[in-house]
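What follows is calculated from the coordinates using simple rules that are stated; it is not laboratory data. Quantities reported herein were computed from a predicted structural model and do not represent experimental measurements. So basically every Cβ, Gly included, is an ideal-geometry build from the backbone, and we count neighbours across all protein chains shown.
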Number of protein chains: 2
Amino acid sequence: MVKSDLLECPMEPPSLRERRRDAILDAAEALFLEQGYDRTSLAEIVKLSGGSLATLYDLFGNKQGLLHAIASRWGNEARCQPAGCMAMADLSNAELLRGYAHRQCDRMRSPRAVALMRMLVSESLRDRDFALQIYRDLHIPAVEELSALFAEWAAAGEAEIDDPEAAAKLLLSIVIGDSMLHTLAGLEDEWLDADQLDWRLQPFLSHFKIG
Amino acid sequence: MVKSDLLECPMEPPSLRERRRDAILDAAEALFLEQGYDRTSLAEIVKLSGGSLATLYDLFGNKQGLLHAIASRWGNEARCQPAGCMAMADLSNAELLRGYAHRQCDRMRSPRAVALMRMLVSESLRDRDFALQIYRDLHIPAVEELSALFAEWAAAGEAEIDDPEAAAKLLLSIVIGDSMLHTLAGLEDEWLDADQLDWRLQPFLSHFKIG
DNA sequence: ATCGCCATGTAATTTATATTACAGAAAAGC
DNA sequence: GCTTTTCTGTAATATAAATTACATGGCGAT
């Protein structure tokens with residue numbers, strides 16, 4: 001029995017099956033994001049990934065299984081890179097927040113994130129679990145990270161934030177805001193540039209006394 | 001020739017053909033919004049609207065033509081009700097804006113608006129024109145209306161708003177914000193209640209000196 | 001080397017749905 | 001009332017895609 005038991009982490013050369021699996025996931029993800037789930041056929045996926053339809057069915061059961069596998073891979077990725085954004089440079093809190101806003105904005109405007117959000121919305125009717133999973137991975141970590149930061153500042157008397165979570169959501173709204181609909185509608189990028197972003201942050205910073 | 005010439009506005013009893021047309025549009029709109037475009041079959045539409053497939057094709061050419069007809073009807077509706085929101089009651093500007101925000105929020109959370117946005121996003125890859133048209137009807141009027149109001153206030157010295165359009169977009173971002181993604185993801189309603197909304201508006205009001 | 005497992009490629013099957021064709025029914029115009 | 005035009009129901013056609021079946025070939029283990 002060379003069958004890999006649970007938790008066999010130490011890098012082995014990935015088996016053919018595993019490489020196939022990854023290749024299919026890669027291809028499917030690329031095509032789904034580019035064209036949407038409905039309009040991507042399994043044949044197309046297999047043509048891009050190599051391998052065969054039969055293996056795909058063997059690995060994932062059916063088309064929806066493939067979708068779930070992709071979502072779950074996204075979840076793992078997201079959990080592995082905890083957005084380590086808050087480098088402890090010797091910046092003021094306001095500077096720190098500005099930097100964070102810029103990064104968050106960049107992250108949201110990346111073609112992959114845009115495609116992902118579009119897919120989240122498109123498939124939310126078909127498959128509630130899928131949508132929920134993506135939403136959690138995509139949005140909730142950002143809120144939590146920011147909440148924690150605000151709570152810290154408030155505790156240290158560096159800001160007057162009564163409700164850190166609400167403040168975090170407000171900040172994200174300010175940053176992402178109406179650009180999202182614009183982008184999701186497939187229109188040309190019209191995201192906020194650095195100046196606009198700073199301008200938007202001013203009311204927030206002064207209201208919460210973030211210096 | 002009793003054929004109706006252009007601009008024959010005065011109410012005539014709508015012909016059978018027109019009633020059929022409307023019925024089909026109603027049915028298609030309802031089903032598209034509920035299930036999405038891809039997953040709604042023309043047979044289903046006709047079953048709901050009455051009439052026959054042949055008439056549908058005669059009226060709209062094909063499925064995409066039907067979609068365009070729906071979009072264009074939305075456009076007309078939007079143009080006909082110019083969101084007459086700013087009743088000139090004897091309220092302070094801040095009160096006025098609060099009221100506007102609440103109404104805007106209600107409008108965005110209506111099932112029809114949600115379904116419409118979801119559809120806008122889903123179909124944006126397939127049909128750029130369709131997405132563009134909906135986006136314009138849905139979002140741009142709100143921005144313009146608000147911009148005009150802010151410009152007025154600024155001119156009258158009732159607020160310190162240097163860039164009315166940017167301010168309008170910021171306000172909409174604050175109001176709609178992250179609830180939108182949440183709702184579009186098909187999750188339970190978690191829109192802002194009146195208190196939260198007021199709380200969010202405070203930084204905005206004080207920053208722009210809106211009293 | 002050889003046996004058996006598994007992936008592959010191809011093709012059959014099934015299903016769903018857009019689109020077209022057509023014959024009968026209803027309505028509109030005179 | 002008669003004729004012509006327009007709708008309706010049904011069914012044919014076409015196409016696309018998911019899913020399944022199967023025969024073949026390669027690769028690893030004994």
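Observations on the structure shown:
- Shape of region B:93-207, Cα gyration tensor, a/c cut at 1.5: oblate
- Three-way shape label, the protein assembly as shown, alpha-carbon gyration tensor, a/c 1.5: oblate
- Separation of the alpha carbons by more than 30 angstrom is noted, of A:K209/B:K169; A:K47/B:K47; A:K63/A:K169, for A:K47/B:K47; A:K63/A:K169.
- Take each residue of peptide A:112-122, count the partner chain Cβ atoms within 10 Å of its Cβ, and average: the result is 4.
- Filtered GluC sites (Glu not before Pro), region A:127-181: DSSP coil and at most 16 other beta carbons within 10 Å: A:E158, A:E160
- Label point of B:G61 (7 Å along Cα→beta-carbon): distances to the other copies' equivalent points are 4.3 nm, sorted ascending.
- In order along region B:107-114, the Karplus-derived 3J(HN,Hα) couplings, from 6.51 cos²θ - 1.76 cosθ + 1.60 at θ = phi - 60°, round to 4, 5, 8, 4, x, 5, 5, 4 Hz, and Gly and Pro are given as x.
- Backbone phi angles across region B:30-45, fed through the Karplus curve with coefficients 6.51, -1.76 and 1.60 (θ = phi - 60°), yield HN-Hα couplings of 4, 6, 4, 5, 7, 10, x, 5, 4, 8, 10, 8, 5, 4, 4, 4 Hz in residue order; Gly and Pro are listed as x.
- Note, ³J(HN,Hα) from phi for region B:172-188, Karplus 6.51, -1.76, 1.60, rounded to Hz, x at Gly and Pro: 4, 4, 4, 6, 7, x, 7, 4, 4, 4, 4, 5, 5, 6, x, 7, 4
- Helix-derived mean residue ellipticity, 222 nm - over chain B, DSSP H n ≥ 4, -39500 (n - 2.57), to 500: -22500 deg cm²/dmol
- Cα gyration tensor category, rounded, prolate or oblate, for region B:16-80 with a/c compared to 1.5: oblate
- Region A:93-207: relative contact order in percent, alpha carbon pairs under 8 Å with at least 6 residues between: 27
- Relative contact order (%) - chain B, alpha-carbon pairs under 8 angstrom, separation at least six: 19
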